[in-house]
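Below is one structure; the comments refer to it alone.
Each value in this text was obtained by applying a stated rule to the coordinates, not by laboratory testing. All values reported here derive from a predicted model rather than from experimental measurement. FYI the Cβ positions are ideal-geometry reconstructions off the backbone, even for glycines, and counts take in every protein chain you see.
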């Protein structure tokens with residue numbers, strides 16, 4: 001549906017959801033205020049209660065992880081060996097986390113919740129984090145083989161995601177250390193390639209030890 005086809009009420013609702021994702025990603029659920037969300041959406045502060053019942057209701061609507069789910073489905077369907085698919089996943093996930101022009105606010109909200117949990121964490125774990133871990137676990141299993149223990153597999157998943165999330169959580173520190181750092185397309189591609197190279201080297205070495 002185009003912007004022109006939306007009713008005034010639907011446009012207000014859409015602006016609120018987008019503004020909420022932006023504010024939640026920047027400040028977390030507890031730090032976000034209805035007033036700031038409404039200011040960015042350019043609507044009256046009563047609009048949140050009217051459309052969503054409460055700030056909690058707005059959060060539930062904002063937590064739509066379709067882009068993250070689509071990424072996983074596309075990766076599962078890709079006609080490529082698991083090492084290439086891991087590289088594709090890391091690149092696509094880093095774009096969702098870091099792309100200054102087209103990042104996923106929902107993924108940024110997820111990353112913030114991991115660093116600074118709020119009451120929204122349970123919902124985010126169920127709808128996004130657990131499925132993401134399961135997906136990546138299957139992919140890593142294809143690379144390392146069936147002899148690797150579940151504990152080692154789990155730690156490998158944590159390590160890969162930890163590397164990815166580091167660049168999101170530590171961006172303010174990294175900008176002080178490297179003032180010229182910008183998460184543009186070239187930099188995200190370089191970061192993704194480094195994480196993939198580093199992770200695959202460790203996974204393949206682990207597979208040899210288990211073989």
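Values for this structure:
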| quantity | calculated |
| --- | --- |
| Taking segment 1-158 and dividing mean pair separation by its residue count, relative contact order in percent (alpha carbons under 8 Å, at least six apart) | 22 percent |
| Spin-label zone in segment 156-196 - amide nitrogen under 15 Å from a point set 7 Å from the Cα of residue 30 along the C-beta vector | none |
| Unit Cα scatterers, Debye sum, segment 19-77: log10 I(q)/I(0) for q = 0.13, 0.18, 0.26 Å⁻¹ | -0.39, -0.63, -1.02 |
| Extension gain, residue 181 back to residue 158 (0.36 nm per residue minus Cα-Cα distance, nm) | 5.7 nm |
| Coordinate range along principal axes, alpha carbons of segment 112-202, Å, largest first | 44, 37, 19 |
| Within the chain, helix-based [θ] at 222 nm, where runs of 4 or more DSSP H residues each add -39,500 (n - 2.57), nearest 500 | -24000 deg cm²/dmol |
| Protection proxy ranking, peptides 201-209, 177-185, average beta carbon neighbours within 10 Å, highest first | 201-209, 177-185 |
| Helix 105-115 axis, angle to the chain major axis (alpha carbon atoms, nearest 10°) | 70 degrees |
| Peptide ranges 144-150, 104-110 listed from the most packed, as the mean C-beta count within 10 angstrom indicates | 104-110, 144-150 |
| Directionally averaged projected area (convex hull, Cα atoms, the chain), nm² | 13.6 nm² |
| Rg/Rg_globular for segment 157-211, with Rg_globular taken as 2.2 N^0.38 Å and Rg from C-alpha atoms | 1.37 |
| Mean Cβ count within 10 Å, highest first, over the residues of peptides 42-53, 153-164 | 153-164, 42-53 |
| Length-normalised contact order of segment 1-85 in % [C-alpha pairs under 8 Å, at least 6 apart] | 24 percent |
| Segment 139-211 - percent relative contact order, Cα under 8 Å, separation 6 or more | 59 percent |
| Alpha-carbon centroid distance for the pair segment 71-107 / segment 37-68, whole angstrom | 27 Å |
| Mean projected area (nm²) of the alpha-carbon convex hull when segment 54-172 is viewed from all directions | 8.0 nm² |
| Mean shadow area of segment 59-101 over all directions, Cα convex hull, nm² | 3.6 nm² |
| Efficiency of FRET from Cβ geometry, residue 130 and residue 56, R₀ 22 Å, rounded to 0.05 | 0.55 |
